[in-house]
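Chemist: Questions regarding the structure given below will be posed in turn.
The values are calculated or read from the model by the stated rules, or taken from the named source; none is laboratory data. The structure presented is a predicted model; accordingly, all values stated were derived computationally and were not measured. So basically every Cβ, Gly included, is an ideal-geometry build from the backbone, and we count neighbours across all protein chains shown. The area values use the complete protein model at the heavy-atom level, side chains included, leaving out ligands, DNA and RNA. Shrake-Rupley method; radii C 1.70, N 1.55, O 1.52, S 1.80 Å.
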Amino acid sequence: MTKNKSSETKEILANTLFDLLERKPFPKISVNELCENSMIVRSTFYLHFRTNMSCFPTVWTAFRWNWKH
């Protein structure tokens, strides 16, 4: 399956969030920190999500898919 740029960006953000969650709880992770660690500019983050909480369903879906495979 071919990935588009949007799904690649979301996957990068999800993977970065997984890494950050190993070090701190979700409410302590800022959008700025997530973007810095994923090397994605904040404006790109906000093209896909409104807040850090709004990205959680995408991350959860990616987590469940990775866990099953």
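Chemist: Please find the FRET efficiency linking SER6 to GLU36, where r is the Cβ-Cβ separation and R0 is fixed at 25 Å, and quote it to the nearest 0.05.
Modeler: So, using R0 = 25 Å, E works out to roughly 0.75.
Chemist: Take the Cα radius of gyration of the chain and divide it by 2.2 N^0.38 Å, with N its residue count; two decimals is plenty.
Modeler: 1.05
Chemist: Now for a separate question. Could you work out the Rg to Rh ratio of region 1-40, with Rh taken as the Kirkwood radius (inverse of the mean 1/r over all Cα pairs)?
Modeler: On the way: Rg = 11.0 Å, Rh = 10.6 Å.
In region 1-40, Rg relative to Rh is 1.04.
Chemist: What is the dipole size for the chain, taken about its Cα centre, with +1 at each Lys and Arg Cβ and -1 at each Asp and Glu Cβ, in debye to the nearest 20?
Modeler: The calculated dipole for the chain is roughly 200 debye.
Chemist: Count the lysine pairs in the chain whose Cα atoms sit under 23 Å apart, keeping only pairs 8 or more residues apart in sequence or on different chains.
Modeler: Eligible lysine pairs with Cα atoms under 23 Å apart amount to 4.
Chemist: In whole angstrom, note down how far apart the Cα centers of region 35-56 and region 10-33 are.
Modeler: 10 Å
Chemist: Turning to a different aspect of this structure: So which residue, out of VAL31, VAL41, VAL59, gets the largest mean-square fluctuation from a GNM of the chain using Cα contacts under 10 Å as springs?
Modeler: Ranking VAL31, VAL41, VAL59 by mean-square fluctuation puts VAL41 first.
Chemist: Here is a follow-up. Quick one: ranking GLU33, GLU11 by accessible area, 1.4 Å probe, largest first, what do you get?
Modeler: Of GLU33, GLU11, the descending order of accessible area is GLU11, GLU33.
Chemist: Moving on to the next point. Return the distance in nm (one decimal) between the two label points of a simple spin-label model at LYS28 and TRP60, each offset 7 Å from Cα along Cα→Cβ.
Modeler: It is 2.2 nm.
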